[in-house]
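Worksheet: the structure to be examined is printed underneath.
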Amino acid sequence: MASAHAKLRMPAVNPRLLLGALLVAASLLTAAAAEDATEGNFPDLESAEALYRREGPEAALPVFEELVQALEGAGDVRSEAIAIGFLGEIHWRLGAYEKSHQYLEQALEKKRAIGDRLQEGKTLNVLGLLHWDLGEFGQAQAYFRDAAEIAASVGDKRLQGAILNNLSLVHDELGDYYVSVEQYRRVLDLYEEADFPRGRGDTLGNLGGVYLLLGRFDEALEHYRQALAISEQLGSTISLSQDHGNVALCYLGLGQVELSLAHFDQAIAL
């Protein structure tokens, strides 16, 4: 589920998506999938992903369920595997962890069968996020390491950035904030090289989350403002809502209640 999918968690705020992925980016946006749609094989794959990025997992779930049914037995195993992977990511985001694991393992098997290493790496990345969310940090790191090996072998900077981002989330959970901050900054460089603004926005949000946890509200605000500017450029309603919520938390920490309430109001409206 997310581009070279990245994920982030911030205190008192719902997680944003790279897969997205980021989200994400955990997000699994691929140029090849878009090419399939352009060529007319299964145009719904691209539109379904666009809906997911724009409206979130709840809106996209029935669309991908229908898409997987349509692709089953149609002969395009790759598109089917990608769609099943999205279902796994969506269920993870919705907290249906058992279903998520089933779909992700199914997608992984199909992607390995056709030898699509990039797609295999993306699914391993989301499996890492699933186990991270379950608090199974050792298992999460094992999946991230396998995904990182693939990302390096295929030279995909988006996937490399997403995996490093997600490994940093594990360090956050373990309290290794100085390690995670350095890694997040490396992720920003990778996403800059890959011209991937959505990933940069997610990573800036992660950096803001670390500084917020540490009570360094001015630094957190600086990063959240940068993330907000990217979300405005991309027109991502979900990210905009979460960015405004995070900016509001920073102003609250700084004692600027009026500004905090104004941003909370915008987050709720979005």
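For the stretch 105-253, what's the relative contact order in percent, using C-alpha pairs closer than 8 Å and at least 6 residues apart?
14
Set the Förster distance to 22 Å, then compute FRET efficiency between residue 109 and residue 66 from the Cβ-Cβ distance, nearest 0.05.
0.50
Alpha carbon centre of the stretch 202-270 versus the stretch 91-142: separation in Å?
29
Report the Rg/Rh value for the stretch 184-270, based on alpha-carbon coordinates and the Kirkwood definition of Rh.
With Rg and the Kirkwood Rh in hand, the quotient comes to 0.99.
Taking every eigenvalue of the Cα gyration tensor of the stretch 93-166, multiplying by 5 and rooting it, what semi-axes result, largest first, whole Å?
Gyration-tensor ellipsoid for the stretch 93-166: 19, 16, 9 Å.
Using a 1.4 angstrom probe with every protein chain in place, what is the largest-first accessible-area order of 185, 200?
185, 200
If you take the beta carbon distance between residue 154 and residue 225 as r and set R0 to 25 Å, what does 1/(1 + (r/R0)^6) give as a FRET efficiency, to the nearest 0.05?
Using R0 = 25 Å, I get an efficiency of 0.15.
How high is the relative contact order of the stretch 45-133? Use alpha-carbon pairs under 8 Å, at least six apart in sequence, and give a whole percent.
23
What relative contact order, as a whole-number percentage, does the stretch 168-270 give when Cα pairs under 8 Å and 6 or more residues apart are counted?
Reported relative contact order: 19 percent.
Place a point 7 Å from the Cα of residue 139 along the Cα-to-Cβ direction; which residues of the stretch 62-88 have their backbone N under 12 Å from it?
In the stretch 62-88, the label zone of residue 139 (backbone N under 12 Å from the point 7 Å along Cα→Cβ) covers no residue.
What ranking of 54, 145 comes out by heavy-atom accessible area, probe 1.4 Å, highest first?
145, 54
Once the other residues with Cβ under 14 Å from the Cβ of residue 150 are scored (Lys, Arg +1; Asp, Glu -1), what is the net sum?
My count for the surroundings of residue 150 gives +2.
The values are calculated or read from the model by the stated rules, or taken from the named source; none is laboratory data. Here the structure is a predicted model, which is why all the values come from computation and not from measurement. FYI the Cβ positions are ideal-geometry reconstructions off the backbone, even for glycines, and counts take in every protein chain you see. Ligands, DNA and RNA are stripped out before the accessible areas are found, and what is left, the full protein with its side chains, is counted by its heavy atoms. Shrake-Rupley method; radii C 1.70, N 1.55, O 1.52, S 1.80 Å.
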